[in-house]
Amino acid sequence: MQPVFVLMILEMLCVNLYVGHICHERKASPVIVVPVMAAFTLLLLGLSALTISTLPGYGEGSFVIFGFLYVIPLALLYRCGIKLTVSVMCLSWSYTMLLFLFAQYLGQLFPEPAQQPAMLIIQTAAYALTLRSFLRLLHEKLLYVIAHGEPNKGNMLFRLSLSICTLTFCAGWVLKAESLAAKLALICAMAVNTVMMYHALYGLTKARQYAVQNRQESLTDTLTGLSNRRAFFERAEQLVAAGRPFAIAFLDLDRFKSINDTHGHTAGDWYLRQFAREFTRQYGAEDALYRIAGDEFVVLREGESRGDAMLERIGGISIQSTDPDIPFLGFSCGAASFPVDAGALDELLSVADSRMYRAKTRAQTGKNTLNED
């Protein structure tokens, strides 16, 4: 084997070992890891020197197949599962193999005496330019999905890693042999890889949509369809953190317990839905109405430094029951604004709540009452 090829192979090996070290958590000390990996490397180099020249594709990167034997020391010296280890090795060897082929064939553009040194220089420069980005892609994105995603998504990306590696080997084979069998193998590998990539993209997109749907459901009150307590606190805390002024109106339905006691909880649910629907229709969609507890609601208006305008607008709302047997008994309301009335969300809610209860003491049956502060 040419000395330059030996150096290129050793460079590939060093890069792959470095990638494996970065992407796995070591469970043994360096005093153990370094000698074991060095001894295993010498064993593989000896094995390669004895047998690799008999394999098709010699000089085109077929020696990479011996690199997968590193799964043995990696499994013993690092905390990693076989699936994760093989995924890293497939992607890493594909990366180094492609750069090896790139350097080898680009080097042929130089005059013959300078071809081999040019190959080594090109490969080294390619690693210097791309290794950091490759590690970021591998460690921060792909391996995160494999390690933390749903089992079927991890298996899908694991198979995709194997497919990419197979495609790379077939490409190297075709570049040397150019036989019909090599070309057919490359076409089949490309077809499988393409289908798997589409499946991976579909699966990840579907998982993302499922996550978005679940989040939306977690922020929605199932009874009324309004945004719920969690949604209110998330938005209000964002506004407080950003220092953006806003006002809230705390609404409590008057004598709601009597609806449940007299007509039953099914009627109570209908009563809540009707209130939410009619209040939203009359008030409009400019501000957000949240249901934060059983018969407690909050209106949030962004960019408002005082709640007077909200109270005036809410005071003009008149809700009529569509069931003559279940009259609407009114609601009480108290408003507060950030940062005029309070500088923290819990204090702001306390101010609005106390104003609402003062208004409730003045409530009369069927009459909406608002705070006068």
- Message: Being under 26 Å from I259 (Cα atoms) and in contact (Cβ under 8 Å) with a residue 60 or more places away in the chain is the filter here; which residues of segment 289-317 pass it?
- Response: L289, Y290, R291, I292, A293, F297, V298, L311, I314
- Task: Write out, first by first residue and then by second, each pair whose Cβ atoms fall under 8 Å of each other, whose residues are 6+ apart or on separate chains, and whose first residue, in segment 88-100, is in contact (Cβ under 8 Å) with a residue 24 or more places away in the chain while the second is outside any helix (DSSP H, G or I) and buried (at least 24 other Cβ atoms within 10 Å of the Cβ).
- Result: M97/G61; F100/G61
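Table: residues versus (1) within 19 Å of D221 (Cα to Cα); (2) surrounded by 13 or more Cβ atoms within 10 Å (Cβ to Cβ); (3) under 41 Å from the mean Cα position of the chain (by Cα).
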{"residue": "D254", "(1), (2), (3)": "no, yes, no"}
{"residue": "A267", "(1), (2), (3)": "yes, yes, no"}
{"residue": "V299", "(1), (2), (3)": "yes, yes, yes"}
{"residue": "I314", "(1), (2), (3)": "no, yes, yes"}
{"residue": "I317", "(1), (2), (3)": "no, yes, no"}
- Task: Name every residue in segment 252-276 that is in contact (Cβ under 8 Å) with a residue 24 or more places away in the chain and either closer than 17 Å to R313 by Cα or outside any helix (DSSP H, G or I) (or both), in order of residue number.
- Result: D252, L253, D254, R255, F275, A276
- Within segment 209-251, restricting attention to residues that are in contact with an Asp or Glu (Cβ under 9 Å, 6 or more places away or on another chain) and in a helix (DSSP H, G or I), which residue is surrounded by the most Cβ atoms within 10 Å (Cβ to Cβ)? A231
- Taking only pairs six or more apart or across chains, which ones have beta-carbon atoms under 8 Å, a first residue in segment 17-39 that is closer than 21 Å to L84 by Cα, and a second residue that is among the charged types (D, E, K, R) and not in a helix (DSSP H, G or I)? H24/R79; E25/R79; R26/R79; K27/R79; V33/R26
- Among the residues of segment 103-115, which ones are surrounded by 15 or more Cβ atoms within 10 Å (Cβ to Cβ) and under 18 Å from E11 (Cα atoms)? A103, Q104, L106, G107, Q115
- Sole miss for V351 among (1) in a helix (DSSP H, G or I); (2) touching a residue at least 24 places away in the same chain (Cβ under 8 Å); (3) over 37 Å from the mean Cα position of the chain (by Cα); (4) under 20 Å from G243 (Cβ atoms) is condition (2)
- List the helices (runs of 4 or more DSSP H) that sit entirely inside segment 1-102 and contain at least 1 residues that are at pLDDT 80 or above and either surrounded by 19 or more Cβ atoms within 10 Å (Cβ to Cβ) or among the β-branched types (V, I, T) (or both). 3-23, 30-51, 71-77
- Could you please let me know if D323 is in contact (Cβ under 8 Å) with a residue 24 or more places away in the chain and more than 31 Å from the chain's Cα centre (by Cα)? yes
- From (1) more than 20 Å from T168 (Cα to Cα); (2) in contact with a helix residue (DSSP H, G or I) (Cβ under 7 Å, 6 or more places away or on another chain); (3) exposed (fewer than 15 other Cβ atoms within 10 Å of the Cβ); (4) not basic (K, R), pick out the condition that doesn't hold for A118. (3)
- Tally the residues that are in contact with a strand residue (DSSP E or B) (Cβ under 9 Å, 6 or more places away or on another chain) and not β-branched (V, I, T), restricting the search to segment 24-43. 5
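The values are calculated or read from the model by the stated rules, or taken from the named source; none is laboratory data. All values reported here derive from a predicted model rather than from experimental measurement. Ideal geometry is used to build each Cβ from the backbone, glycine not excepted, and the neighbour counts take in all protein chains shown.
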